[in-house]
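The values are calculated or read from the model by the stated rules, or taken from the named source; none is laboratory data. Since the structure is predicted, the reported quantities are computational estimates derived from the model, not experimental observations. Heads up, the Cβs are rebuilt from the backbone with ideal geometry, glycines too, and the neighbour counts pull from every protein chain shown. Heads up: the accessible areas ignore ligands, DNA and RNA and are worked out on the full protein's heavy atoms, side chains in. Shrake-Rupley method; radii C 1.70, N 1.55, O 1.52, S 1.80 Å.
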Amino acid sequence: MIKTGSTMMLDRAEPAHCTVCCCTLANKILMVLFMVLLIFATLFGNLVTLAVVVGTKHFHTSQGYLKASLAVADLAVGIFVLPLSVYAEVHLMVAESAPEWTSNNSQLVNFHPCNIIGPIFAGCTFVSITTIFLLTIERSIAVLRPLHKDSFITRKRTTILIFLSWVGSFFLAVSPMVFSSEIALEYNSCSRMCNYALGTIGEFPSQAWNILLLFPAFDFTLLGSTVVINIISLSSIRQHSKHRKTLAETEIQTTSNPTFSDIKAAKTIGTLTVAFTASFTPIAVFVVGNVLGNKWCNFSFFAFWILATNSCWNVIIYSVRDQKFRLCAHKLLMPSQRQNTTKT
């Protein structure tokens, strides 16, 4: 989401970059087809997730609320962020020229679509990271302190944390424009998305640099903490698995161990963390390379769109890892079979 001043000045002086995905007509068609399919997959998957969570009493829990929040953030990416890129690329293919606003940043025109779309993409990404962190905390308490789970984890507290995560994430997303007049938003011809960039200056000022450093600092801190907590939780689950045979053989009954459903849920959240970390890593590499002066135009496209694909992975992970979610989704999508089962 960050672009240095030298890269931006090159963008204004040159025509749209010819990336590996967009140099030929066939590549452009494949790129637009990929974008359209990603939109449908994101909308479909997250609408199913919301329908299952809202329509099933079993998921009216703290964990269910957090999954619903994650689905809403991913849904917003599919509704607002991705269609703008499709519009810009289809306009370029049909009219053989990009929309006028793609050649200017938000400081040079009265209204720029990236003023809305850029913060939405950044804010939803931050919400996703924060929500996965909260899911990890919730599952770690259930695994490490099962007797205190119900007292620590309540729906009211979870709702407050979700609200704060949304407010904080979007405040962080708009902070570059609020605290610095040197930072603008523009449609990046490399990534094919709205990115933060410098406005009318060519050098990277220290104030803008410090503000933009908030993004990687926030991302790396939360992701790193999430990975560490997941490792601790999964290590504890492994210890419980090793002692399960001993407890069964000695017929010792205990209520201090996590339930089977808590263990399964913790493993699901661990899978979510791995998927998001893998999708975010290319962006981290791109930011580091960008700061060091590398343009990496081709890599920029793949980095941002790999991150975008993460918006449709959650429902797949739930379906594979969570049997109850899979059954509820199947009933939702196959109402005729549900009716036949009821009659039988």
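Here the condition is being within 16 Å of the chain's Cα centre (by Cα) and either touching a residue at least 12 places away in the same chain (Cβ under 8 Å) or closer than 15 Å to SER165 by Cβ (or both); of ILE117, ILE137, it holds for ILE117 alone. Residues of the stretch 147-169 that are more than 25 Å from the chain's Cα centre (by Cα) and surrounded by fewer than 16 Cβ atoms within 10 Å (Cβ to Cβ): LEU147, HIS148, ASP150, SER151, PHE152. Residue pairs whose Cβ atoms lie under 8 Å apart, sitting 6 or more positions apart in sequence or on different chains, and linking a residue in the stretch 301-315 that is under 20 Å from ALA71 (Cβ atoms) and in a loop (DSSP other than H, G, I, E, B) to a partner that is open to solvent by less than 20 Å² (accessible area, probe 1.4 Å) and polar (S, T, N, Q), are TRP313/SER279. Consider GLU89 carefully, then state whether it is open to solvent by less than 30 Å² (accessible area, probe 1.4 Å) and over 17 Å from the mean Cα position of the chain (by Cα). Taking the combined requirement at face value, the residue satisfies it.
Can you work out which of the residues in the stretch 92-106 that are in a loop (DSSP other than H, G, I, E, B) and open to solvent by less than 60 Å² (accessible area, probe 1.4 Å) is farthest from CYS22 (Cα to Cα)?
Residue satisfying both the conditions and the ranking: SER106.
I'd like to verify a number: residues in the stretch 107-118 that are crowded, with 21+ Cβ neighbours inside 10 Å and over 29 Å from ASN27 (Cβ atoms), how many? So the count comes out to 0. Hey, among the residues in the stretch 42-61 that are hydroxyl-bearing (Ser, Thr, Tyr) and open to solvent by less than 10 Å² (accessible area, probe 1.4 Å), which one's farthest from ILE141 (Cα to Cα)? My answer is THR42. The condition of being at positive phi, hydrophobic (A, V, I, L, M, F, W, C) and at pLDDT 75 or above does not hold for TRP313.
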